[in-house]
1. Can you find even one residue in region 9-19 that is away from ligand 3 (no atom under 16 Å from the Cβ), surrounded by fewer than 21 Cβ atoms within 10 Å (Cβ to Cβ) and modelled with pLDDT of 95 or more?
2. Is at least one residue of region 254-263 more than 16 Å from ligand 2 (Cβ to nearest atom) and modelled with pLDDT under 95?
3. Going by the structure shown, is Val5 among the β-branched types (Val, Ile, Thr), in contact with a Pro (Cβ under 7 Å, 6 or more places away or on another chain), more than 15 Å from ligand 1 (Cβ to nearest atom) and not in a loop (DSSP other than H, G, I, E, B)?
4. When region 32-46 is examined, which residues are found to be within 16 Å of ligand 2 (Cβ to nearest atom) and surrounded by fewer than 24 Cβ atoms within 10 Å (Cβ to Cβ)?
5. Please go through region 168-199 and pick out each residue that is within 14 Å of Asp118 (Cβ to Cβ), surrounded by 21 or more Cβ atoms within 10 Å (Cβ to Cβ) and of a type outside the set (Val, Ile, Thr).
6. Taking helices (runs of 4 or more DSSP H) that do not extend beyond region 204-306, which have at least 2 residues that are polar (S, T, N, Q)?
7. Mind listing whichever residues of region 73-91 are near ligand 1 (Cβ under 10 Å from one of its atoms) and either outside any loop (DSSP other than H, G, I, E, B) or more than 30 Å from Gly122 (Cβ to Cβ) (or both)?
8. What pairs can you find where one residue is in region 73-89 and more than 23 Å from Leu119 (Cβ to Cβ), the other is of a type in the set (Asp, Glu) and more than 16 Å from ligand 1 (Cβ to nearest atom), and their Cβ atoms are less than 8 Å apart, with a gap of 6+ or different chains?
Amino acid sequence: MKIRVLGSSAGGGFPQWNCNCRNCNGVRNRTIAAEPRTQSSLAVSVDGVAWLLINASPDILAQLAANPELQPARHARDTGIAAVLLMDAQIDHVTGLLMLREHNAPLPVYATDPVWQDLSTGFPLASILSHYCGVERHVIALDAAPLEIAALPGVRIEALPLSSKAPPYSPHRTAPERGDNIGLLLTSVESGKRAFYAPGLGAVEAHIRDAMRRADLLLVDGTTWTDDEMIRLGLSKKTAADMGHLAQSGRGGMIDVLDALDRPGARKVLIHINNTNPILIDDGPERRTLAQHGIEVARDGMTFEL
Ligand code: MLT
Ligand code: MN
Ligand code: ZN
């Protein structure tokens with residue numbers, strides 16, 4: 001199983017178009033050691049030809065251009081994207097569906113019921129796309145047997161409901177529903193190796209901790225370093241927790257969570273990194289702290305073989 005990071009940044013990207021924080025300014029003007037990053041998405045494949053797109057980011061076109069393996073060019077119109085799986089209905093994870101509207105058949109899309117409800121109401125992508133390629137919707141059932149996606153044999157997918165946030169436009173933003181946000185445990189049938197992916201993870205409940213303990217690769221919420229990071233920079237009124245994200249530093253933060261997993265050899269990688277996060281600076285003190293804990297920071301284009 002190959003896992004390619006198409007986009008490692010949180011919503012807004014890095015640099016964010018209108019942001020002049022130290023990081024955004026620094027990467028734009030090349031005055032800090034940091035790489036630009038596109039918005040949150042992964043691609044998974046077994047044969048390197050058919051790919052499952054996990055989250056369709058607004059940056060999908062740039063991501064496809066940067067990853068020619070996903071554009072095999074076998075026919076006049078063609079794509080390596082065999083199906084799309086959505087982990088929530090947030091703008092950074094679904095807007096890319098609009099960019100895929102020229103697909104020559106209904107686009108296979110896997111989503112939970114609450115996510116599909118949001119995409120049929122608050123952000124009606126489902127009906128918009130019906131005027132273009134259309135969508136072949138597949139249900140991600142919770143508490144069900146692992147999902148096997150026809151286009152991606154050899155990967156078993158467990159969808160785990162988790163605590164994060166439905167988007168601001170969700171009709172039930174303030175009344176969370178199970179399945180608004182999911183984590184994924186992906187198992188390679190051939191090697192038995194597992195990856196756990198959760199770009200939005202607000203709180204680590206027991207069933208999530210269990211899944212994390214089973215994973216050889218963890219790709220988890222790296223949105224902010226401190227919970228009040230965006231407030232202190234004067235850029236937002238919301239804490240990371242308000243947005244459904246667990247900050248890295250501090251007691252009970254993501255570093256503590258990752259430290260407590262006792263699976264030798266597991267790779268721990270932060271992903272969905274907000275542009276304000278100091279871990280984006282390659283030679284900064286926060287990055288050194290992460291290194292001491294054996295934690296890596298995802299970059300666009302990073303590939304894992306499991
Ligand atoms: C989030 O992860 O909290 C959202 O994607 C934020 C956004 O895109 O505005
Ligand atoms: Mn996001
Ligand atoms: Zn910024």
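1. no
2. yes
3. Answer is no for this residue.
4. Within region 32-46, Thr38 is the sole residue that qualifies.
5. The answer is Ser170, Gly179, Asp180, Asn181.
6. By residue number, 285-292.
7. Within region 73-91, Ile91 is the sole residue that qualifies.
8. Qualifying pairs under 8 Å: Arg77/Glu102; Gly80/Glu69.
The values are calculated or read from the model by the stated rules, or taken from the named source; none is laboratory data. Bear in mind that the values here come from a model prediction, so they are computed numbers and not experimental data. Cβ atoms come from the backbone with ideal geometry, glycine included; neighbour counts cover every protein chain shown.
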